[in-house]
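Okay, so here's the structure we're looking at.
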Amino acid sequence: AEMAAARLGENRLVSLPLSRIRVIMKSSPEVSSINQDALFLTAKATELFVQYLASYSYKHGRGKEKNALTYTDLSHTAEECETFQFLADILPKKILASKYLKMLEKEKQDGEVGEDDEEVQEEEDEDE
């Protein structure tokens, strides 16, 4: 009865839309059915995680100076904090398009070098 009461007021207990969370959970091939309590708890855990990421990024970022949380603060957290490093691909550092195009051009040139040079490149990568 307690969980049922919580479900009635779950709009107030959870900010994230449960329907969207259900869609994301069902996108996993291992998931066949989703218990309502599991859905609610996943939504709440996700919400708490996002709050933790935001507050950590705000406290450790430069946003405090401007009283704002910035994308740069979030990407810096993903890069620097071990807890959040799994987000590095999702929150990449912003770079200028011109710099990105130069990086692509360099990769293209590096890809056209001889096989002997590639072995040296791989050894250098391992050292980094």
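Numerical summary
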{"read-out": "Signed unit charges on C-beta, dipole axis of the range 18-111, positive-most listed residue ALA45, SER75, GLN85", "value": "SER75"}
{"read-out": "Heavy-atom accessible area order for HIS76, HIS60, largest first, 1.4 Å probe", "value": "HIS60, HIS76"}
{"read-out": "Point-charge dipole on Cβ atoms (K/R +1, D/E -1) for the range 18-111, about Cα centre, debye to 20", "value": "400 debye"}
{"read-out": "Rounded to whole Hz, the Karplus (6.51, -1.76, 1.60) HN-Hα couplings of the range 41-49, x for glycine and proline", "value": "5, 5, 4, 5, 4, 5, 4, 5, 5"}
{"read-out": "Principal axis dimensions, largest first and in whole angstrom, of the range 18-111 by Cα", "value": "51, 40, 22"}
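The values are calculated or read from the model by the stated rules, or taken from the named source; none is laboratory data. Everything quoted here is computed from the prediction, not taken from an experiment. Because the Cβ atoms are built from the backbone with ideal geometry, glycine has one as well, and the counts that use them run over all protein chains shown. Surface accessibility is based on the protein's heavy atoms, side chains included, excluding ligands, DNA and RNA. Shrake-Rupley method; radii C 1.70, N 1.55, O 1.52, S 1.80 Å.
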